[in-house]
Amino acid sequence: MAGAARSPAAASAQATENPRNFCIIPPIQADHHAESFTFRSLSRIPPVVTATTPPSEPIPLPALHASHGGNWLRPPNGETGAVSKGDAIMAASDTPVLLINAPLVANRLGYPDLSGLDLLELFAFVHPARFCVPTPRGLAQALEIDEPAGDEDVPAFLQRTAGALVTACEDPEWFEREGAWSALQSMERLRWPWAGVLKPHVARPERAEKWLFATLPEWEESPERGSPRQVELPEDDVLQQLDHLTGEGSEKREGQRAYAREAARIFAPRDARDLPHLALAQAGTGIGKTLGYLAPSSLWANASGGTVWVSTFTKNLQRQLRSESRRAWPMKRPDGTPPVVVRKGRENYLCLLNLEDALQGGFASRPAILAQLVARWAAFTRDGDMIGGDLPGWLGTLFRKRGIAALTDQRGECIYAGCPHYRKCFIERAGRDSAQADLVIANHALVMVNAARGRDHAQRPTRLIFDEGHHVFEAADSTFAATLSGQEAIELRRWIMGPERKNRGRRRGLAARLADVASYDDDGGEAIEDACEAGAALPGEGWLQRLNEGEPSGPIEALLSAVRAATYARDESANNSRGQEAGYGIETEASGLPGEVIEAAGGAAEALAAIRTPLIKLGGRLEAIMADPPDWLDGQGRARIEGARFSLQWRVDLIAAWESLLARLGGPADPEFVDWLAVDRSDAREFDVAIHRRWLDPMKPFAKVVLEPAHGVMLTSATLTDRIGADASDAQDAKWQTAIARSGAAHIESKPLLSAAESPFDYAARAEVLIVTDVKKGDLPGLAGAYARLIEASGGGVLGLFTAIRRMRAVHGRIADRLAREGLPIFAQHVDPIDTGTLVDIFRDDPRASLLGTDALRDGVDVPGRSLRCVALEAVPWPRPDILHKARRAASGSGSQYDDRIIRARLAQAFGRLIRNRDDSGHFVVLSSAFPSRLLSAFPQGIAIHRLTLDEALVRVRDGLIGEKQTEAVQNAGELDDNIPDWPQ
């Protein structure tokens, strides 16, 4: 990593040779008092390294490491020693200390104000847009240096790592040098603790660096891509392409070849309008379904000149698809355009105008430093994707999650061509690239939103593959829902009127975005004024407090106040485990409502209509301007007005949906919808009040909006069908009923093409299911002890899945310290201040680590190899009996069988985390005796299933016993060795 040391003058001379030098921040806007620290001034730090220091010399600064196993402190020039939490806190508050992941260390020490010289921040500055697992092991791998052997070696490692990163800044081959010096000057003024350490080692360029936004490349307009040609895909050509993608000499898997042939059928020319070729293809783990559908996709795209959209549910699969697609397409075409594009919603991308606002004073204190690090990343990012892209997932958690969200277009406030950075916008570039791409990798929600609200008909996909197809139902359920809530209403107010506090960045209301239209067109200006005046009826800041005090302001707040009162009054769950006393959200059916709610709904509907009317008028005026453009309306102006029209229509449709929802409150129930009232709470703290409407069957609008306009659609997954018992007389037909119902196939006239390819894995020889019978329900100490002993028996590598966050937190709190002292680190969602994707990265990277989590870890987690060798489920994942679930259960007419299908699918998805490749093996453990036998068909056929005691299960896990008969495996269960001690109850 590090190169030879050199003088600052030499570094400056080299820096000026690169014509793309730029600066992150203009020279005038730093606040010298923007940050205050809990440690002493950086001027007291002893001199660190100079330009003549040998490469990778450890930095002589104190270093602190805190884990569940203990705390270790190393002075600048001394030996590492174990210290108490109190001494660790005192050391960190007295002087800047080197550490890694300050929020996590603060969480471990119980000292939320802890700060220091976080090596992750330094890594993000020196190597922006580079992947790194945020652990000592991960840093060592990223920097190619020796990793620490244990916790006690971490402080010395931190000093060496800091030296390696600082020395990298003097390397003539430092790729990310551009803009570093200018960024460092700004961050020094913001009192970033690393600035004083880095300053002697980042040479000043001889020529002034350019402003970041001047260096980003501009996208170019492209002609609209023509309609794809109608082509047939010969079977031999498909198989030949598959062989090409899998590589010469690779094993030819019959299951994969059959799957590719089935996938090719959706690319045949359509026989009639609104009758797409619809294929439902189940592909067991290990089939190789990604290359199986990429083979016909790439063949068809090349022959027809069309675009294939592959939709996923998880970001992990998107990353995998991007990698796999390189076998079929090059990174760039000869003209420089990408043939493969990852496309996400606007809220995933960096908004350059938001970033500029943040850099020019919109962010203060620590968030201002975050903005500088994001700006460093923006210069080197592949596509500007902040959520799941090449921005480190842990970066936002080092500061605050809202900081990342504030830099994206969360509120749909884009001003399109009115933005000075429009020609360099990452979002616009992604849209234009996808219009010309052969393959677009998107997600379920974006595909559905694009189909329902798409402003560009040319980008509505006609050939679609929904990977992780078992999630399409949930995605449609969310996309085609209507929710009138306080949070939604206040967002609409901000979009219309702009922020209530004028000092919060730029004004973004309608009047500011369309000022030229208002000055040119009197009717348009009047419509804007009327919309802003009517928008004052929407909830403003402090609305929730006013509801709690019984003093709502305006008709919408009055409605929410009445909804809140009715929900509490009618709540039947006040004393059960999920009711008011437990602090969970509450809900009630929207039927037989009191007169106060009906009356308030009428007033709210009138207020919403008063907003919608001028917005419709304004849309008409914008359309008239586009039809008869004035002389001053150039190409960018047209694009801005077109964007405004799209945004207006979106809000008009939203308000219309709210009005329809309110109109139903006092009348008869609509059999196609489920309506209810809710108060959303977390840990007994209210955060929203809402009226909800969901389709009873969301696949009905999905079929109309997504399926019918398409020519070919495939839904594929390893858990697409229902795993009912093979002894059922109509098992073959019955297992497809759920897949057909949850695909939308029942709402179109064409018959779906059904196919199933069984996994090539020998599950019976590689895995088994253990149902533990002696962990009592409700015995939290017993459950915690069971998890701890299981992790010890497995030596780590355990994915623990919970059905309740509180139980997970309680178990983690009881076992984390002891396990860590034995060299078995354990991480947990909703406990560790780390995003879920990064938690999985940490888990994958350390074979002795374990991870606890909830639903988000049950599906889409891909951890092959030794890092995941045991999945432990604390209870049967029964569906929550909320109003929506009960309505759909009743409509199904199948009673408990409806619940069983859901549970079997969840169990199958959870089991799917265990075996990811041919060499994987392990145990699936259920720590609950209340496991009905009728659900066992969720697991692969032939797999061994044992009901046994915890001690017996521990023997099998410890000794890696798979498939042997229970009586042979547990004969010595009472002789557990010292590696599996009894845990105190």
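The values are calculated or read from the model by the stated rules, or taken from the named source; none is laboratory data. The model shown is predicted, which means the values in this text are computed figures rather than measured ones. Glycine gets a Cβ as well: all are built from the backbone with ideal geometry, and neighbour counts include every protein chain shown.
A few remarks follow.
- When Ser929, Ser892, Ser937 are screened for being assigned by TED's automatic domain parsing to the domain that holds Val957 and without any contact (Cβ under 8 Å) to a residue 60 or more places away in the chain, only Ser892 passes.
- Pairs are defined by a Cβ separation below 6 Å, a sequence spacing of at least 6 or placement on different chains, a first member in region 259-278 that is under 16 Å from Pro234 (Cα atoms), and a second member that is polar (S, T, N, Q) and surrounded by 15 or more Cβ atoms within 10 Å (Cβ to Cβ); the pairs so defined are Glu262/Ser755.
- Residue check for Pro629: closer than 21 Å to Ala601 by Cβ, modelled with pLDDT under 95 and either of a type in the set (S, T, N, Q) or surrounded by fewer than 17 Cβ atoms within 10 Å (Cβ to Cβ) (or both): no
- Among the candidates Leu216, Leu165, residue that is farther than 30 Å from Ala435 by Cα and either hydrophobic (A, V, I, L, M, F, W, C) or at pLDDT 95 or above (or both): Leu165
- Index of the failed condition, Phe646 passing every other in (1) surrounded by fewer than 16 Cβ atoms within 10 Å (Cβ to Cβ); (2) under 27 Å from Arg494 (Cβ atoms): (1)
- Single residue of Glu178, Glu121, Glu152, Glu147 found to be farther than 25 Å from Pro75 by Cα and of a type in the set (Asp, Glu): Glu178
- Scanning region 300-328 for residues that are closer than 16 Å to Ala435 by Cα and assigned to a loop (DSSP other than H, G, I, E, B) turns up Gly305, Gly306, Thr307.
- Qualifying positions in region 922-948 - surrounded by fewer than 17 Cβ atoms within 10 Å (Cβ to Cβ) and in a loop (DSSP other than H, G, I, E, B): Ser929, Ala930, Pro932, Gln941, Gly942
- Note on region 176-237: enclosed helices (runs of 4 or more DSSP H) holding 2 or more residues that are farther than 23 Å from Glu57 by Cα and either in contact with a helix residue (DSSP H, G or I) (Cβ under 7 Å, 6 or more places away or on another chain) or not small (Gly, Ala, Ser) (or both) are 180-189, 212-215.
- Qualifying residue in region 578-600 (condition: at pLDDT 90 or above, over 22 Å from Arg664 (Cβ atoms) and part of a helix (DSSP H, G or I)): no
- Residue match in region 339-355 (condition: more than 18 Å from Leu391 (Cα to Cα), in contact with a strand residue (DSSP E or B) (Cβ under 9 Å, 6 or more places away or on another chain) and without any contact (Cβ under 8 Å) to a residue 40 or more places away in the chain): no
- Number of positions in region 911-959 that are among the aliphatic types (A, V, I, L, M) and under 19 Å from Tyr787 (Cα atoms): 11
- Count of region 806-821 residues, restricted to those that are surrounded by fewer than 17 Cβ atoms within 10 Å (Cβ to Cβ) and of a type outside the set (Lys, Arg), is 3.
- Any chance Pro338 is within 23 Å of Leu321 (Cα to Cα) and surrounded by fewer than 23 Cβ atoms within 10 Å (Cβ to Cβ): yes
- Filter result for the condition that a residue is out of contact with any Phe, Trp or Tyr (no Cβ under 7 Å at 6 or more places or on another chain) and farther than 19 Å from Leu492 by Cα, over Ala527, Ala565, Ala511, Ala531: Ala565
- Check on Gly837, within 20 Å of Glu792 (Cα to Cα) and either modelled with pLDDT under 95 or hydrophobic (A, V, I, L, M, F, W, C) (or both): no
- Residue match in region 75-97 (condition: crowded, with 24+ Cβ neighbours inside 10 Å, in the same structural domain as Gly179 (by TED's automatic domain parsing) and in contact with an Asp or Glu (Cβ under 9 Å, 6 or more places away or on another chain)): no
- Considering region 844-871, and only residues there that are under 15 Å from Met808 (Cβ atoms), surrounded by 22 or more Cβ atoms within 10 Å (Cβ to Cβ) and of a type outside the set (A, V, I, L, M), the residue that is modelled with the lowest pLDDT turns out to be Arg858.
- Residues in region 714-728 that are of a type in the set (A, V, I, L, M, F, W, C) and within 25 Å of the chain's Cα centre (by Cα) were compared, and the one that is surrounded by the most Cβ atoms within 10 Å (Cβ to Cβ) is Met714.
- Residue match in region 840-852 (condition: within 19 Å of the chain's Cα centre (by Cα), free of Cβ contacts under 8 Å to residues at least 60 places away in the same chain and on the phi > 0 side of the Ramachandran plot): no
- If you go through region 133-160 and keep only what is over 24 Å from Arg821 (Cβ atoms) and β-branched (Val, Ile, Thr), you end up with just Ile145.
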